[in-house]
Amino acid sequence: MDGDGLSNREEYLLGTRPDLADSDGDGVSDFDEIRLHSDPLRMDVSFSPVASLTGDAYTASFGEWEKFGHAAHQRCRRGSVTWPLTVPASGVHAVRFTISAEYDGARNDQHDFIISLDDKPVSYQTITIPDNGTSTLAVLTPWLSAPGTHQLTLFVDNSFTEVPLSPGTPATLIFGFENNAFSQSATVQWQPTNIEFEDNLVIREGDSLLLTAFDDAAKASHERYAITINGHTFTDTADRPAPVAFDTPGT
């Protein structure tokens, strides 16, 4: 739930918070504290600063980025930036990113990141960044030998789109990848299902259903339904299903 790499069951067994990646607030995620054999419920980990990099010091990028002041400003929903990271001593190092978010029409304030060292992923994290707010992303590196310079990459993917569907007409979608260097198409359409007998129907955030209810499909235009969801009632003749969008995932 909090994107720290531990399942909700593991969080429950450990006594850590499933809604907070760093339960004890010492700057190291619960997952990383388990790796270090430290206590994720006690502030028993500390690090001494050895280097500081500004966002605009990146030497490589993927996607649309610009150097704005001392920051790396993302101009696309999906991309990465890479900085050279020189470690003065051998060991495990903590890396912290300070990340701010501007309003970009994203579905929510959850943002997905992959942190890599020398092209090898070391952490996958989801953090909460409110619009026009700031949050911290922290990760522990594997053992790094010194002296040496490594390539530190932060990849972010906030891409999504809303797809309007017509009940009777398939919609053709075209997906662009690698900054539109490659594209792929697909066709999607509404599919009928009887939720009374559907045991494995899972609603994702933003999903929509066309809902109706009737006794006899042949007489749907003469029957009326009333469906209540989260306190809101939808009513019409059975041949006119109600479109319902869901803001939260679940079953």
For Rg/Rh (Cα atoms, Kirkwood Rh), with candidates (1) 0.96; (2) 1.08; (3) 0.98, the value calculated from the shown model is option (2)
Checking rank on 19-26, 88-95, 130-137, 198-205, with mean other Cβ inside 10 Å and highest first, the result is 19-26, 88-95, 130-137, 198-205
Rounded to the nearest 10 Å², the accessible area of Phe234 using a 1.4 Å probe with every protein chain kept is 40 Å²
Once phi for every residue in segment 138-147 is put through the Karplus expression 6.51 cos²θ - 1.76 cosθ + 1.60 (θ = phi - 60°), the whole-Hz ³J(HN,Hα) values, with Gly and Pro written as x, are 10, 8, 9, 7, x, 4, 10, 8, 10, x
Amide H proximity to Arg17 below 5 Å, modelled H, separation 5+ or other chain, gives Ser23
Averaged per residue, the 1.4 Å probe accessible area of the chain, protein heavy atoms only, in Å², is roughly 65 Å²
Farthest towards the positive end of the dipole of the chain, among Trp190, Phe62, Ile227 and with Cβ unit charges of +1 on Lys and Arg and -1 on Asp and Glu, lies the Cα of Phe62
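I need the calculated FRET efficiency for the pair Val244 and Val50, taking r as the beta carbon distance and R₀ as 41 Å, to the nearest 0.05. Walk me through the numbers before you get to the answer.
Details: r = 54 Å, r/R0 = 1.31.
Approximately 0.15, to the nearest 0.05.
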A 1.4 Å probe over the protein heavy atoms gives segment 185-251 a carbon and sulfur accessible-area percentage of 49 percent
Segment 163-228 and segment 6-36 have their Cα centres apart by a whole-number Å value of 38 Å
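The values are calculated or read from the model by the stated rules, or taken from the named source; none is laboratory data. What you see is a predicted model; the values in this text were computed from it and never measured. A quick note on method: Cβ atoms are made from the backbone with ideal geometry, for glycine too, and the neighbour counts reach across all protein chains shown. Note: accessible area is taken over every heavy atom of the protein model, side chains too, but ligands, DNA and RNA are not part of it. Shrake-Rupley method; radii C 1.70, N 1.55, O 1.52, S 1.80 Å.
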